[in-house]
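**Student:** One structure coming up, written as C-alpha cells, with questions to follow.
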C-alpha cells in the first residue's frame with residue numbers, strides 16, 4: 001500500500017506537532033498539505049487534562065488553525081463512550097481536571113459525589129486525594145461502572161517522570177478488584193470514535209504518532225495503517241526491539257510530507 005491511498009489521518013500531537021512548549025518544524029506546511037490534498041484528519045490525544053478549545057488555541061498560536069470537531073481528547077472519547085452504556089442525565093463521579101469535567105457535563109451527565117452515581121470516570125488530576133480514591137472505590141464496589149480516560153502509567157514532567165493516570169487506575173483497581181474500561185490509546189475505542197467522525201474505513205485510515213506503545217499499538221488494534229515519526233520519544237533501538245512495527249517510519253512530519261509528495 002502507498003501513502004497516496006490513505007484518505008484520513010488520526011494524528012497524535014505531543015512529539016508529532018510539538019515537543020514540550022515548542023512547535024516542531026513544518027507544522028504549518030503539514031496542515032496546508034492535508035487541506036490541499038483533502039486528507040481528512042482528527043487530532044487525537046491521551047491527555048485528558050485539557051479541553052479541545054485549549055488545544056485549538058495552542059495550534060492557532062503555532063499558525064495551524066483547526067476546528068474543534070477536528071480534535072478528540074481521551075476525556076471527550078470517554079464521555080462519548082459512557083453515553084452508549086448509561087442514560088444522559090445520570091450521575092457520574094469524576095476524578096479529573098477541566099477536560100474531564102467539561103466533557104462529561106457537555107454530554108449531559110451530572111457530576112456528583114452521591115451514592116447514586118452510576119459511573120466513575122478517572123482522568124489525570126494533579127491534585128487527586130485519598131478521599132477521592134476512597135469515594136471512587138466505594139462507588140465501584142457498589143456497582144458503578146469504572147471508566148479510565150487513558151492508561152498512561154507515567155507522565156514526563158519538567159522535574160522528571162511522575163505518576164500518570166494509569167497509576168490512579170491501578171490504585172482503584174487494586175482496591176476494588178475491578179478492571180477499568182480504558183478508552184484511550186492503545187485501546188481501540190478512541191481510534192474507533194475518530195474513524196466514525198472521519199467516515200473512513202480502517203484500511204484507508206492511518207494512525208500517525210511518535211509512540212510505539214500507544215499510537216502505533218492502538219492503530220494496530222483498531223485495524224488502521226500506522227505511521228511512526230521519530231521526532232518524539234521513540235529511538236531507533238526501541239523500534240528495532242519492538243514486537244510490532246509501523247507500516248511507515250519517517251524522521252518527522254516534514255519527511256512524511258516529502259515522501260507523500262514524491263509518490
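Nothing in this text is a laboratory measurement; each read-out follows from the coordinates by a stated rule. If you're wondering where the values come from, they're calculated on a predicted model, not measured in any experiment. With ideal geometry, Cβ positions are generated from the backbone for all residues, glycine too; neighbour counts draw on all protein chains shown.
**Student:** Could you work out [θ]222 nm for the chain from helices alone, using -39500 (n - 2.57) per DSSP H run of at least four and dividing by all its residues? Round to the nearest 500 deg cm²/dmol. Spell out each step's value before the answer.
**Tutor:** On the way: 10 runs with 94 residues, N = 263.
Estimated from H runs of four or more residues: -10500 deg cm²/dmol.
**Student:** Ratio to report: Rg/Rh of the chain, with Cα atoms as the point set and Rh obtained by the Kirkwood method; give two decimals. Could you put the intermediate results ahead of the total?
**Tutor:** On the way: Rg = 18.5 Å, Rh = 18.9 Å.
Value, to two decimals: 0.98.
**Student:** Same structure, new question: Restricting to the chain, what percent of DSSP beta bridges are antiparallel, rounded to 5?
**Tutor:** Values: 6 of 37 bridges.
So the antiparallel bridges amount to about 15 percent of the total.
**Student:** Above 21 Å lies some portion of the pair distances; for segment 75-182, what is it as a whole percent of all C-alpha pairs? Don't jump to the answer; show the numbers that get you there.
**Tutor:** On the way: 1580 of 5778 pairs.
The calculated P(r) of segment 75-182 puts 27 percent of pairs beyond 21 Å.
**Student:** Now for a different question. Considering all projection directions equally, how large on average is the shadow of the alpha-carbon convex hull of segment 120-204, in square nanometres?
**Tutor:** Values: hull surface 28.7 nm².
Projected over every direction and averaged, the Cα hull of segment 120-204 covers 7.2 nm².
**Student:** Follow-up. Multiplying the sequence separation of residue 68 and residue 130 by 0.36 nm and subtracting their Cα-Cα distance, what value in nm do you get? Can you show the working numbers first?
**Tutor:** Numbers: separation 62, 0.36 × 62 = 22.32 nm, distance 3.45 nm.
Computed gain between residue 68 and residue 130 is 18.9 nm.
**Student:** Taking the Cα centroid of segment 120-170 and of segment 57-81, what is the distance between the two, rounded to the nearest whole Å?
**Tutor:** Their Cα centres are 22 Å away from one another.
**Student:** Test of understanding: in a Gaussian network model of the chain with alpha carbons linked when under 10 Å, which of 40, 50, 196 would top the mean-square fluctuation ranking?
**Tutor:** Top of the fluctuation ranking is 196.
**Student:** Cα axis of helix 27-36 to longest principal axis of the chain: angle in degrees, 0 to 90, nearest 10?
**Tutor:** For 27-36 against the chain, the angle is about 80 degrees.
**Student:** Moving on. I need to check one value: relative contact order of the chain, counting alpha carbon pairs closer than 8 Å and at least 6 residues apart, in percent. The partial results should precede the final answer.
**Tutor:** On the way: 507 pairs, mean separation 53.4, N = 263.
Relative contact order here is 20 percent.
**Student:** Then there is this: So, by mean Cβ neighbours within 10 angstrom, what's the order for 182-192, 152-162 with the highest one leading?
**Tutor:** Per-residue Cβ counts within 10 Å, averaged per peptide and sorted highest first, yield 182-192, 152-162.
**Student:** Using only Cα atoms, find the angle between the long axis of helix 189-198 and the longest principal axis of the chain, and express it within 0 to 90 degrees, rounded to the nearest 10.
**Tutor:** 50
**Student:** Compute the acute angle (0 to 90°) between the alpha-carbon long axis of helix 130-141 and the principal axis of greatest extent of the alpha-carbon atoms of the chain; round to the nearest 10°.
**Tutor:** Value to nearest ten degrees: 80.
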